[in-house]
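The values are calculated or read from the model by the stated rules, or taken from the named source; none is laboratory data. Keep in mind that what you see is a predicted model, and the values were worked out from it rather than measured. Neighbour counts run over all protein chains shown; Cβ positions are idealised from the backbone, glycine included. Only protein heavy atoms, including side chains, enter the accessible area calculation; ligands, DNA and RNA are left aside. Shrake-Rupley method; radii C 1.70, N 1.55, O 1.52, S 1.80 Å.
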Amino acid sequence: MFSKKKLLQFALAGIVLVNTNMLFSVSEAADDGIHVDQVGYLTNHDKVAMVADAKDKTFEIIDTKTNKVVFTGKLSAPKYDAMSEETLSKADFTNLKTPGTYILKIGNRESYDFEINDNVYAIPTVQSWRSYTLSRSNTPIDDTNVSGLKLKGGHPQDKNAEVYFTDKLNKKGDVVDVSGGWYDAGDYGKYITTAGLSSAELMLAYEANPDHFTKGQLVFPKGVNSEANLPDVLSEVKFEIDWMRKMQRQDGSTFHKVAGLTWPSFEISPDTDTQQRYIFSTATYSSAIYGASLAIGARVYEPFDKTYAQDLKKDAERVWEYLQKNPNPIYRVDEGQENGSGPYNKNTDIEERLWLSAEMFLTTGDKKYENYLQQEKERLTDKPSFFTWDNTLALAQFAYAKAPNADKKLQTEVSNAFISYAEDILKKINSDGFECALAENEYTWASTKNALTQADILLMAYQLQPKQEYLDGALSQIHYLFGRNSLNKSFMTGVGDNPPEHPHNRIHESTGAYVSGLVVGGPNHVIGGDPDQTKYLESGHIPVAKSYIDVLTSWSTNEYAIDYTAAAVYALSWFTEPEIIDKAQLKLNRDFPSITLKK
């Protein structure tokens, strides 16, 4: 196993000095070499744990209430796993179907406890959805009974944000109301790219299983308004969509992002960050992402509010028309625009144009959108990769594959490309010791999201071609998320016995409120992600799958983002039935202190 003593260092220059004698936490509560899903396993699906360096040949499952053995089995033959550099055996207890809480025991070694039941992911699903609510800007929040978060309402100055540049539509200094929306990540920026992608994936989760969502499901805190006629999840997404619509310009394009000119220090909460906020840049690819999300919204909201759905469709049409008038990619750059926010820069846009066109064709059936797809057939029929904010080809293919009036020949080619990629994912899962979908070159920035997005691809493939292996493969990525990995680490805050202790999150650091349900980046084996991660990777030989450090200032491994969490939400929502959950069930049973407030 890797060394558990690593120094925190001064990482964000000029922002915060972290205690350099503080150790990042790795829980010692269970044997490091027994890897289980710390949330649990669904009753009627596979139940497998991985065991490193097993000397014994058998295992036991112990009921934690009775302390009795309820299941025994044989470990599989050991096999070397290249990504973790562990020799692993599998403990398969799929035939145990009695609901309860258990531990896995091998000789004197014990695992973290885990549950087995029909709806084992109900609470993490609500926590992940609810994390968006607690990331709302310009909203008074009183969640003292759950997370402890209490805010007056972050960044009221967004109502008077200033345009940072001059072009044919705006002058530098123009004031625009861009209040609302979710904070993107550990900083307080708001970006169309991740907003559009996250909103889309959340709506696609709803569209796939609308009966999994109800009114009252998200246990909204005080201060948060919800739409009376909508399921909670669509009320939450509407909050983000309504902010994005404020970012659309007269010509149909969108502004790119909203942020300040400096990174706030960790002791600054959203409601005490008083710096002027600016509206930066415009980009064809992010405008297309926005339009695609609205095209989905036009379908999803239509049963609840026809007028609103029509407005979304019209706004999406305006984006498409703008892109037709501007066939070349645009990404505007003005000096200083990245000083206090991430760039989310991309100088191409074909995948996003395809996605917008495919979603509009699925929503409207208008052949002009399909005609564009036919013109760009060569790219549309490529084998995709997992989708990200800078490559949405897979989402374009999924939308077109579902379109009822599509050209059958082209639709078949597109579906085959998508399914071929799903089969590639299965091959990676089957060859990995932890049944993780990540290839070596996918342990990069946001590797957790990379794995979960591949789970989502498998669930989408299942909708096109039902195959049990797709469901099993998707569940394997959830198991990876919740601790069945070489680090025994849950990569979702507040979930499992060993979640991130020190996420790169200014809200937590400035308020002390630890928000559950946020997915952090995870192992990143590419040197240069951040100073802490780089120093860790240069400190000695670090196995690829262990390239993660649970420290505040490692933004390349321990920061969350709304699109990371959206990938988890899609998968979790697929496997979760609606359940009445109260605040007591959502409340943490231990503290996660802020480093900054302790100084």
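How high is the relative contact order of the range 23-148, given as a whole-number percent (alpha carbon pairs under 8 Å, six or more residues apart)?
Relative contact order comes out at 28 percent.
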*Normalising by the residue count of the chain, find the relative contact order in percent from Cα pairs under 8 Å and 6+ residues apart.*
17 percent
*Whole-Hz Karplus ³J(HN,Hα) for the range 457-464, in order, using 6.51 cos²θ - 1.76 cosθ + 1.60 and θ = phi - 60°, x for Gly and Pro?*
4, 5, 5, 5, 4, 4, 5, 8
*Give the accessible area for residue 366 in Å² (nearest 10); use a 1.4 Å probe, count only protein heavy atoms, and leave out ligands, DNA and RNA.*
70 Å²
*How far, in nm, would the chain grow between residue 585 and residue 339 when pulled straight, counting 0.36 nm per residue and subtracting the alpha carbon separation?*
84.5 nm
_Which label in (1) -0.40; (2) -0.60; (3) -0.52 gives the computed log10 I(q)/I(0) by the Debye sum over Cα atoms at q = 0.07 Å⁻¹_ = (1)
*May I ask you to list the aspartates and glutamates whose Cα is less than 15 Å away from that of residue 535, ignoring any residue fewer than eight positions away on the same chain?*
550
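How large is the Kirkwood hydrodynamic radius of the range 81-155, in angstrom, based on all distinct alpha carbon pairs?
Result for the range 81-155 stands at 16.7 Å.
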_Using helices alone, I'd like the mean residue ellipticity at 222 nm for the chain: each DSSP H run of four-plus residues gives -39500 (n - 2.57), total over residue count, nearest 500._
-11000 deg cm²/dmol
*Rounded to the nearest Å, what's the spacing between the alpha carbon centres of the range 61-89 and the range 128-197? Just the number, please.*
45 Å
*May I ask you to derive the relative contact order of the range 498-589, considering only C-alpha pairs under 8 Å and at least 6 residues apart, and to give it as an integer percent?*
34 percent
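Please arrange 502, 45 by accessible surface area, largest first, computed with a 1.4 Å probe and ligands excluded.
These residues rank, largest area first, as 45, 502.
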*So for the pair residue 306, residue 168, with labels modelled 7 Å out along Cα→Cβ, what separation do we get in nm?*
3.7 nm
_Where 577, 351, 338 fall by accessible area, highest first, once all protein chains stay in place (1.4 Å)_ = 577, 338, 351
*What residue among 350, 253, 196 has its Cα farthest toward the positive end of the dipole of the range 194-351, where the charges are +1 on Lys, Arg and -1 on Asp, Glu, each on the Cβ?*
253
_Of all accessible heavy-atom area on the chain, the percent that carbon and sulfur account for (1.4 Å)_ = 48 percent
*asked:* Give me the one-decimal nm value for the distance between modelled label points at residue 53 and residue 472, 7 Å along each residue's Cα-to-Cβ direction.
replied: 3.0 nm
*asked:* Can you list residues from other chains, or at least 5 along the same chain, whose modelled amide H is less than 5 Å from the amide H of residue 84?
replied: 545
_Theoretical gain in end-to-end length, residue 44 to residue 408 [0.36 nm per residue, Cα-Cα removed]_ = 127.4 nm
*When ligands, DNA and RNA are left out and all protein chains stay put, how many square angstrom of accessible area per residue does the chain have with a 1.4 Å probe?*
36 Å²
_Exceeding the 29 Å Cα-Cα cut-off - candidates 79/546; 90/383; 159/583; 171/325; 257/409; 90/546_ = 90/383; 159/583; 257/409
*Under a point spin-label approximation (7 Å from Cα along Cα-to-Cβ), what is the residue 367-residue 330 distance to one decimal in nm?*
3.1 nm
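At a 1.4 Å probe radius, which order do 304, 93 fall into by accessible area, largest first?
Largest accessible area first, the list is 304, 93.
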